[in-house]
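Reading through the structure tokens given below for one structure.
Please treat every number below as a calculation from the coordinates, not as lab data. Note that this is a predicted model, so its numbers are computed, not measured. Ideal geometry is used to build each Cβ from the backbone, glycine not excepted, and the neighbour counts take in all protein chains shown.
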Amino acid sequence: MENTAKYRISFVLLLIALVICFALNISLGSVSIPFKSTLNALFSGSIENESWHYIIWDYRIPKAFTAILSGGALALSGLLMQTLFRNPLAGPFVLGISSGASLGAALLIMGASIFSGFATFEIANSISLAIGASLGSFLVLLAVLSVASRVKDTMALLIIGLMFGSITAAIVSVLSYFTTSEELQRYVYWSFGSLGDLSWSQLSLLGGIILIGIILSIASIKSLNALLLGESYAQSLGVQLKKSRYIIIIATALLAGSVTAFAGPIAFVGLAVPHLTRQIFNTTDHKILVPAVLLYGAILMLLCDIVAQLPSSANVLPINAITSIIGAPVVIWLLTRKRRMLF
Amino acid sequence: MSSDTQHITISAKDLSIGYKNVSVANAINFDSLSGELIGIVGINGIGKSTLLRTLAKIQPSLSGSISIEGKSLDTLDASALASKISVVLTGSIASKYLTVQELIALGRQPYTNWIGTLTEQDKSKITEAIQMLQLEDLVHKKCYELSDGQLQRVMIARALAQDTSIILLDEPTTHLDLYHKVQILKLLKSITQETKKTILFTSHEIEIVIQLCDKMLLLKETDSPFGKPSELIKEGAFNTLFPTDTVSFDANTGTFRIQK
């Protein structure tokens, strides 16, 4: 078909954009390092300045990879949920996955002082926080899944996801009421989202989980396309509805849950990127959309991170605030342009 | 099988349909043949859509048996059934952002590989369906740009592309004016004649269905007469289709009269 060449060019352009954004991202930051030195450190590994080398290899590059992984994963999970729930407003937050992660983090950070039995538990390091957040998101997901097997309608599932979100939000606010101000501050800081706190080993763990999520998504491409017609049609086309639904939900949880666990809640990327991608590629075919949202999500997150760095300033803005500031107008623009969001 | 001998496509025996043990219609018995256009009529809530959904295995039957081309429906899994029965349902499709081409191509899913690559044979089946429903001018349009009648033809083309021996349509003529109602039904008629498929559809347009269908199923709570429209009229089967206080059937004209 004549579209294939067009798609190929778009993908090449996207890859080039990704490389440029990656280079920009690691060359900008609170310590100004000349672009040439950045490239030198990258490709030849030559050390002009010990601290620059450290900044680039142990801070900026892991941060840029975190941005790529989290942006791509959140965007893909948003796409999966919008198709599965036939709802253009669905995103990783809707199933309660993000709120489950928040609950896990909140219990770890703020619960310790309330339940004195846990007071000795070391909560400072980010790995235990990540584990707590992952556990939280998976527990909420298990609860949603157990209800999902009894509910046939995905709209009902969507509302159940929202209700789980409300319950976890309520528990979080009770916890924050009883906790100390230092711990509350630490929780609030976590909820801002941060791409910069991951070590290389954490990064490879995040990358591994996301890879599984991507493989499950690719395996679901055919059923996702059939689901565009609705569940009854998908079934009549030979899709095993229950199995496909489980695979898609598990993929979403892996993608969104792991990112929230490691980088905190990051809003709007999951919601906005699939819409942007559909507009630009002008297709609903998930064979195109799955790789495209991964690239777009990664690029958008790198850009948001560049903005958050406030180049040549010592301040770093919370990434969650930046994605919302950029993402919300995008959604409004889409709404006004098409009158109603289509998917 | 040779193309001019008809064979049984769907066989329903003592079928009861409904939701969660509350039956809406019982003792449904019929055999459909290849090349037949069959209209299913009945009062609101009698289970016309339920019957189609049951035949397509989207929901279970309460009792009785259904066999599709000699095989029990229970033994056919979703993917085996997908190459025997295609459906056109009421209500809008989930994504209106699909193009006509993409939507019709989805009909080939039962035959494509794990990621849905279209082979030359798939493409020629899609083109065939597009030509049969004269959709050439619409193929690059998005579904939200189509009128109800156009969208209905696209959905029928998708069912045709699925290349099944049976097509089930749930109220294909709702929201259409008289001209487009008749156009769609005549189209279904010509499809059954040209392709030897069995087409079952539900409708409220009893008077048009009587004129166009090979056979009709009159869905009622206790018994559901099945046969040629002329025979059903002779048997007086239409007289009890609705409660007789408001409308009555006129056997001479094949129409319903309002009781004054």
Nitroxide proxy distance, nm - points 7 Å out along Cα→Cβ at B:LEU178 and B:SER83: 4.5
When the charge dipole of the protein assembly as shown is computed with +1 on Lys and Arg Cβ and -1 on Asp and Glu Cβ about the Cα centre, the Cα farthest towards its positive end, among A:THR252, A:GLN235, A:ASN25, belongs to A:ASN25
Through the Karplus equation 6.51 cos²θ - 1.76 cosθ + 1.60, θ set to phi - 60°, convert the phi angles of segment A:278-288 into ³J(HN,Hα) values in whole Hz; use x for Gly and Pro. 4, 5, 6, 7, 6, 8, 10, 6, 5, 4, 8
Expressed as a rounded percentage, what relative contact order does chain B have, with Cα pairs under 8 Å and six or more residues apart? 26
How many angstrom separate the Cα center of segment B:153-190 from the Cα center of segment A:231-263? 32
Among the aspartates and glutamates, which have Cα under 13 Å from the Cα of A:LYS287 when same-chain residues fewer than 8 positions away are ignored? B:GLU102
Under a plain spin-label model, where a point goes 7 Å from the Cα along Cα-to-Cβ, how far apart in nm are B:HIS7 and B:SER230? 2.9
Can you figure out the FRET efficiency of B:LYS71 with A:PHE192, using R₀ = 60 Å and their beta-carbon distance, to the nearest 0.05? 0.50
Picking from B:VAL22, B:ILE66, B:VAL87, whose Cα lies most toward the positive end of the charge dipole for chain B (charges on Cβ: Lys, Arg +1; Asp, Glu -1)? B:VAL22
Check: the protein assembly as shown dipole with +1 on Lys, Arg Cβ and -1 on Asp, Glu Cβ, in debye: 360
Reachable lysines, given that their alpha-carbon falls under 22 Å from the alpha-carbon of B:LYS234 and they are not under 8 places away in the same chain: B:LYS215, B:LYS220
Could you work out how far apart the two model spin labels at B:ALA251 and A:MET155 are, taking each label as a point 7 Å from the Cα in the direction of the beta carbon, and quote it in nm? 4.6
List B:LYS84, B:LYS228, A:LYS222 from most exposed to least, where exposure is judged by having the fewest other Cβ atoms within 10 Å. B:LYS228, B:LYS84, A:LYS222
Are any of the pairs B:LYS13/B:LYS71; B:LYS84/B:LYS142; B:LYS20/B:LYS228; A:LYS222/B:LYS142; A:LYS222/B:LYS196 more than 24 Å apart by Cα-Cα distance, and if so, which? B:LYS84/B:LYS142; B:LYS20/B:LYS228; A:LYS222/B:LYS196
Which order do B:SER16, A:SER223, B:SER79 fall in if you start with the one that has the fewest other Cβ atoms within 10 Å? B:SER79, B:SER16, A:SER223
Subtract the Cα-Cα distance of A:SER166 and A:ALA219 from 0.36 nm times their separation in residues, and report this length gain in nm to one decimal. 15.9 nm
When B:GLU207, B:GLU145 are arranged by how many other beta-carbons sit within 10 Å of their Cβ, fewest first, they go B:GLU207, B:GLU145
Give the cross-link partners of A:LYS63 among the lysines, using a straight C-alpha distance below 25 Å as the criterion and excluding same-chain residues fewer than 8 apart. A:LYS36
Taking the protein assembly as shown as the region of interest, what is the percent of Cα-Cα pairs per 10 angstrom bin, listed from the shortest bin to the one with the maximum distance? 3, 15, 22, 20, 15, 11, 7, 4, 1, 0, 0
Please identify which residues in segment B:200-241 have an amide N closer than 15 Å to a label point set 7 Å out from the Cα of B:LYS186, following the Cα→Cβ vector. B:208-209, B:211-213
Counting Lys and Arg as +1 and Asp and Glu as -1, each charge on the Cβ, what is the dipole of segment B:95-146 about the Cα centre in debye, to the nearest 20? 180
Which of B:THR198, B:LEU178, B:PHE226 sits closest to the plus end of the dipole of segment B:176-227, meaning its Cα is farthest towards the positive end, when Lys and Arg get +1 and Asp and Glu get -1 on the C-beta? B:THR198
With only Lys, Arg, Asp and Glu charged, each at its Cβ (+1 for the first two, -1 for the last two), find how big the charge dipole of segment B:1-89 is about the Cα centre; round to the nearest 20 debye. 340
Note, segment A:163-179: 3J(HN,Hα) by Karplus (6.51, -1.76, 1.60, θ = phi - 60°), whole Hz, Gly/Pro = x, goes 5, 4, x, 5, 4, 5, 4, 5, 5, 4, 6, 4, 4, 5, 5, 8, 8
